Amino acid sequence: MLKSLRFRLNGKLVEIEGREEQPVLDWLREEAGLTGTREGCREGDCGACLALLGRRNLEGTGIEWVSAATCLLALGELDGRALVTVEGLAGEGPTPVMKALHVENASQCGFCSPGVAVALSHFLLAEGPRDEAAAVASVEGNLCRCTGYASIGRAARALSSDFSGLPLDFPTRLAALAARGVIPPALAATMQDLPEPASAGGPGGSPPLGGSPPLGGSPPLGGGTDWYVRNTDPAPGLSPRFVGRDPELRFIETRGSGEGATVALGAGVTVADFFASKAVRAIAPGIERFEVLVASPHIRARATLAGNVANASPVADLTAMLLALDARLVLSGASGARELPLADFFLGYKKTALDGDAIIETILLPAAPRAFSFEKAARRERLDIAAVNTALSLAVDSGGAMRGVIVSAGGVGPVPLRLRKAAAALEGRKPSVAAFREAMLAARDEVAPISDVRGSAEFRKRVLGRLLAAHALRLFPGAFTAEELLA
Amino acid sequence: MKDRSAPSALAAVRFDPGDRPESLRNLTGATKYLDDLPEPANLLHAAVVPSPSGHGRRMRVDASKARELDPSVVVLLAASIPGENQMGTAVDDEPLLADGEWHYAGQPVALVLASSKRLARAAAALVRVTGEELPVVTDPREAFARGELILKPRVQSSGDLAGAFRAEAEGGKARWIVEGRAESDGQEHVYLETQGAIAEPVDGGLRVVSGTQAPSGVQKAVARVLGVPMRELEVEAMRLGGAFGGKEDQAAPWAALAALGAYVTGRPVKLVLSRRDDMRMTGKRHPYSTDFRLALDAEGNFLGLELDFYQNAGAACDLSPAIIARSLYHAAGAYRIPAVRAAGYMCRTNLPPFTAFRGFGAPQAIWAMEAAVSKAAEATGIPALELQRRNLLREGDLTHYGMKMEDCRAGRPFELLLSRNPAARLEAEIEDFNASHADRKRGSWVIPLAFGVSFTKLMMNQGGALVHVFSDGSVSVSTGAVEMGQGVGRKVLVVAARTLGIPEDLVRIERTRTATVANTMPTAASTGSDINGAAALAACEEIRKRLLAFAATFLGAPDNELSLGNGLVLRGGRDSGLAWKDLVAKAHEARVDLSAHGFYATPGLSYDMQAERGSPFAYHVYGAALVVAELDTLRGSSRIVRADLVHDGGVPIDALVDRGQIEGAFAQGLGWAILEDLVYGKDGKLLSDTLSTYKLPDMRFMDFPIDIELLDDAANPKAVLGSKAVGEPPFQYGIAGYFAVLEALKAARPGKAGFFDLPLTQEKALDFLDGGN
Ligand SMILES: Cc1cc2nc3c(=O)[nH]c(=O)nc-3n(C[C@H](O)[C@H](O)[C@H](O)COP(=O)(O)OP(=O)(O)OC[C@H]3O[C@@H](n4cnc5c(N)ncnc54)[C@H](O)[C@@H]3O)c2cc1C
Ligand code: FES
Ligand code: FES
């Protein structure tokens, strides 16, 4: 519905009364006249609509810039934030990023090109490694049907070496990028802080204009990366609850100590936050390596863990991981708060224990470290939804036996599953071919997949067994061979 | 393995940063595509209502809910069409809007017009289409069995087939006869810019901006639908956000619908398809099911080949006859086979009419032929490389359709590729890897290429250009070529600048408009720069001739001493003191015509459809590709780890553009071979109808070292400035990806026979790994 919104667009303050539910992509193209941001899919898969979004960082200590798919971004999300489009980046002519792409002839039809330029600009702007692999990975969310990517890859590699010495801390890095023209200096000068939101109550908290209650309902939105895929043209009148942008809800903290310690993740925690978190990495060492298997950089920067769970997709990757990490949920609404195990949250296909106006407010993970593995079978290695996914976690006791084994699997039933029989086959035993083979057989028995566009039921069963074998090989390297497990 | 940083022929080529302003416009977001144009205030937005299922009749359309949503919504049906309700070009079997019956899911039934895109789409979703369901056929062989053929079968044959297949035991030479079936699925174009058009009433006629490869085709189609003369319609194509054949014939319906809306309402109308509608409503690469049979003698020489192509044409003719023709021509791939029978059946099914897609029927044929080679290698124990080398086309060979191979270069790239990757080293590379990795296996495949260039439909090999030299010396070039990222504009520009001897920045390439250059052919069949470049060349040569004649009088020099170069009139190769700009100004004063129209019709083409004999191609493009794949035997997934391509590009007009075409086509070919999975349900509905379910190559998929070497000393006398067409041929290199993965699978299951069911997905790989022998 119509709301007063205040944000910065390409460095300039914008104050409008805008449809908060409107995708930013449409607003940019139809109302702001900025057509360099383009629609290729309207579901987050192509990257033609990327823009840079400036927001408060997780710690609340400053600002961070992410690349975001504007087709999945509600205009209301911009309140108190800043957006930079390709026009802003190119405000003073082609930037070094654009020139690097240009000299490689990495723009053919050109439809994808602004998105690619935004993604690579973000690569330079963002924290994190700046090696060739990271440069190339930064465009994993950009589809290009013309170039075959070789030229884009060459440009990305060239940028990674041309900018290898960029300073680490954000203000100095921003200044360095401005000095080299990656971001026009006048624009860069506006990128260190955010404007006040139009609504005193904070984002999403502003009273509707005219005071009437929202007609179209108020769905909670995390990043909107699931919601907008299903609602590509939301009706005017809708007034989403922007859970994902409530600073109070974006936190990761350790609660309690000793045996009962938990790590609490607020509803606003994004997938990227999750994998970057030291506390999470302490629970499941090495979990960060699985980050690239989930969506793409620009989806991960906005998608929330809570949204992944609440969406109740049977193939949700984070949900599979959280199940294996023995997560519990805190649901809270007008009628109070309650806590339940994640495994009990799913009641049936896309049916959950959420009722009324309740939201998932917090996700709790036991803090004790465990060995962890995740596997996913999908058509394409990156940016694809799983046909089947599975996670496994366990601890090994002093006698070498597996304890507290949890196996999860998605895509093999109507909801994300905990495979209790498979886990039981492993519990208390030493890792052995026999134990894992029993677990694989048990898993086959306790799932009932269906056939759909992502794979047949038989394929899903078969691949699940192999993914469980892959867990075994990863967690106990050298202990057995794939051949033995599959024999 | 080759070091990624090692320089290869093309790796070091770069654009000059100041060059190619359109590429910088793309990258800064300044380029305008159809949907980026400013919208007139009274614009109506359109959305299309699709048929509800794969096949039905007694259609009823209820639009009351749509009108309830907003009374200003306009709903147009077949009955609203003032002219002919017909889009078919070869056969009249494709109504613009379904009338009474429908033949595939996603067939346009109604056009909805509203004041906003959101409203138009919402209203379209409320239009109810019902009727009586009829049986749905999606399988081409089933359609064939029911006699559902579009046009009669086409058969090409040569040599003594019976003799070729006579076994040694029967006194013949055939030591081995291998046979089998090769299935290949369709492929979605995924041009990043979806289909669209804008139609606007102007001066009693209509101006249509269409996202099309064929502005004249759109003009003709719209004229027919509206029942108005072509002169009342001006069609313009802006830069397209990709096309790949998908906007050759199939851009016309959307333009016709927008024009219909504008005609009926008198207001401008814009129709831009959502990605999902685009995927559901438009045709793709044809799925084929092909039977193959190949006879070999004791040495591995190919004696005879039989191929039966069951082409899944979809529900209407569209371009299927031209596409099956290209399949037939490429039945033997890059091989010499004395006796061939190739038959093509265009089978009518209840799927969207399949259409042009880069390669245009050749990939399906080359794939089936290569399946036969793979099977022959299995049966004979002779390595595939050896079979290929032994049977490559040679100079003077006669193809099975009677074309003599002249300037045949099938062997050169193949040998060059093998000298870069000697067979023994390649084998050792793979074997060492496989011996030292338990859970991973590698496989490799080399594919040779001979791809015929020209439209398979003879009359289409023509094109025009209009060149104006303005009085300040700057130049405007219009042709029928549509720029869609393939660099045709760039190539035409180079041709014009070189011919007039002027710097490139004096030349501008205009958008493609039917009132400027008329009766043009689609920019397709890789011929865009061959034909339009040659037409521009003719026009520029005409102007050059006039200017030099003028210069001769002006300078008092014999005109055979004069030429144009470096922006000057040259006399005996040296500065005559007369600069281009002054020449033009003075010629203009002297009333010399500074404009010229150029025309080009590809010479030397002939084909006798009755005899199925002739020379349908101006020349062939040759090449060879090596692809190495790695299989994860535990998970059944695979990825490409390196590729090496040697390509015959003639003398490229712009090597960088050609490199981009080769890399892009190769990626699409690999996508088709091992990744992209077009899934239709038995009910004829497309299941993979979004980019979240239809996966095409991404950065990661293509992130492996690719070496590309262009054949040198390769000038092509048959095309403009010695160049060769480049758009489609390299697509076929991707086919090697299928066989590389298959070889890796066979390394994991030694002794097990291969299978030919493209694309080679993880699911099929696991079936192979888990299945019995
Ligand atoms: C291109 C693309 C690729 C993707 N790839 C993957 C992938 O690889 N793996 C994967 O698992 N997922 C993937 N997804 C799906 C999606 O990104 C994730 O599920 C994501 O975590 C959802 O979070 P969100 O915050 O964006 O959810 P939203 O879209 O904001 O919300 C999803 C649903 O949950 C509800 N909801 C949101 N927050 C709460 C809350 N706190 N309490 C109660 N209800 C809430 C919403 O109302 C909505 O119904 C992909 C999506 C896209 C567009
Ligand atoms: S339009 Fe494709 S990601 Fe937004
Ligand atoms: S250049 Fe055409 S999609 Fe990338």
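Here are the numbers:
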{"item": "Cα centroid separation - the range A:337-387 against the range B:707-773, whole Å", "result": "40 Å"}
{"item": "Label-to-label distance, nm, for residues given as residue B:611 and residue B:687 (7 Å Cα→Cβ offset)", "result": "5.0 nm"}
{"item": "Semi-axis lengths, Å, chain B, gyration tensor of Cα atoms, sqrt of 5 times eigenvalues", "result": "42, 37, 24"}
{"item": "Normalised contact order of the range A:247-366, rounded percent, pairs of Cα under 8 Å and 6 or more residues apart", "result": "27 percent"}
{"item": "Lys, Arg +1 and Asp, Glu -1 on Cβ, resulting dipole of chain B about Cα centre, debye, nearest 20", "result": "660 debye"}
{"item": "Cleavage-rule hits, chymotrypsin sites (Phe, Trp or Tyr not before Pro), the range B:294-390, DSSP coil, Cβ neighbours within 10 Å at most 10", "result": "none"}
{"item": "MRE, 222 nm, helices only [DSSP H, n ≥ 4, -39500 (n - 2.57), over chain B, to nearest 500]", "result": "-9000 deg cm²/dmol"}
{"item": "Pairwise Cα inverse-distance average, inverted: Kirkwood Rh of the range B:81-188 (Å)", "result": "19.7 Å"}
{"item": "Descending semi-axes in whole angstrom, ellipsoid equivalent of the range B:20-161, from the Cα gyration tensor", "result": "36, 28, 13"}
{"item": "For the range B:462-601, the Rg and Dmax computed from alpha carbons only, in angstrom", "result": "15.0, 47"}
{"item": "Distance between modelled label sites at residue A:349 and residue A:421, nm, 7 Å Cα→Cβ extension", "result": "2.2 nm"}
{"item": "In range of the label at residue B:406: residues from the range B:438-475 whose backbone nitrogen is under 17 Å from the point 7 Å along Cα→Cβ", "result": "B:452-454"}
{"item": "In sequence order, calculated HN-Hα J values of the range A:255-261 (Karplus, 6.51, -1.76, 1.60; Hz; x Gly/Pro)", "result": "10, x, 8, x, 3, x, 4"}
{"item": "Under the span-like rule (Cα at least 15 Å along the axis, Kyte-Doolittle mean at least -1.0), DSSP H helices of chain A", "result": "A:113-125, A:150-162, A:433-446, A:457-475"}
{"item": "Reference-scaled alpha-carbon Rg (2.2 N^0.38 Å with N residues) for the range B:74-124", "result": "1.27"}
{"item": "Cβ-placed point charges (K, R +1; D, E -1), dipole of the range B:555-690 about Cα centre in debye, nearest 20", "result": "160 debye"}
{"item": "19 Å Cα-Cα reach of residue A:430 towards lysines, excluding residues that sit fewer than 8 places from it in its own chain", "result": "A:421"}
{"item": "Two-site FRET efficiency, residue B:753 against residue A:193, from Cβ-Cβ distance with R₀ of 60 Å, rounded to 0.05", "result": "0.35"}
{"item": "For the protein assembly as shown, with +1 on Lys and Arg beta carbons and -1 on Asp and Glu, the positive-most of B:226, B:537, B:302 along the dipole", "result": "B:302"}
{"item": "Spherically averaged projected area in nm², based on the convex hull that wraps the Cα atoms of the range A:373-486", "result": "6.8 nm²"}
{"item": "The protein assembly as shown - convex hull of alpha carbons, volume per residue in Å³", "result": "181 Å³"}
{"item": "Principal axes of the range B:359-503: Cα extent on each, largest first, Å", "result": "71, 40, 25"}
{"item": "Simple label model, 7 Å out from Cα along Cβ direction - residue A:254 to residue A:401, nm", "result": "2.9 nm"}
{"item": "Residue among B:373, B:33, B:186 farthest towards the positive dipole end of chain B, charges placed on Cβ", "result": "B:33"}
{"item": "Rounded FRET efficiency, nearest 0.05, which uses the C-beta distance separating residue B:37 from residue A:230 and R0 of 25 Å", "result": "0.25"}
{"item": "Gyration tensor (Cα) of the range A:1-112, equivalent ellipsoid semi-axes in angstrom", "result": "24, 17, 13"}
{"item": "Helix runs (DSSP H) in chain B reaching 24 Å along axis by Cα, Kyte-Doolittle at least -1.0", "result": "B:362-380, B:528-555, B:655-674"}
{"item": "Whole-angstrom gap from the range B:337-386 to the range A:440-468, using each part's C-alpha centre", "result": "34 Å"}
{"item": "Value in Å of the Kirkwood radius, where the range A:90-169 supplies the Cα pairs that are averaged", "result": "12.5 Å"}
{"item": "Globularity ratio of the range B:180-276, using Cα Rg and 2.2 N^0.38 Å", "result": "1.19"}
{"item": "Where N is the number of residues in the range A:2-188, Cα Rg divided by 2.2 N^0.38 Å", "result": "0.98"}
{"item": "Volume per residue that the Cα convex hull of the range A:54-96 spans, once the total is divided by residue count, Å³", "result": "109 Å³"}
{"item": "Gained length - residue A:61 relative to residue A:2, 0.36 nm times residue gap less alpha-carbon distance", "result": "18.1 nm"}
{"item": "Estimated dipole of the range A:258-375 in Debye, rounded to 20 [Cβ of Lys and Arg +1, of Asp and Glu -1, Cα centre]", "result": "200 debye"}
{"item": "MRE, 222 nm, helices only [DSSP H, n ≥ 4, -39500 (n - 2.57), over chain A, to nearest 500]", "result": "-7500 deg cm²/dmol"}
{"item": "Dipole of chain B, positive end: most advanced residue of B:260, B:321, B:470 [Cβ charges, Cα centre]", "result": "B:260"}
{"item": "Inter-part distance where the range B:521-556 and the range B:398-444 are each reduced to a Cα centre, Å", "result": "42 Å"}
{"item": "Solution diffusion estimate, µm²/s, Stokes-Einstein, the range A:247-366, Kirkwood Rh from C-alpha pairs, 20 °C, viscosity 1.002 mPa s", "result": "148 µm²/s"}
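Rule-based calculations on the coordinates, nothing more; no lab input. Being a predicted model, the structure only gives us computed values, none of them experimental. Please note: Cβ atoms are built from the backbone with ideal geometry, for glycine as well, and neighbour counts cover all protein chains shown.
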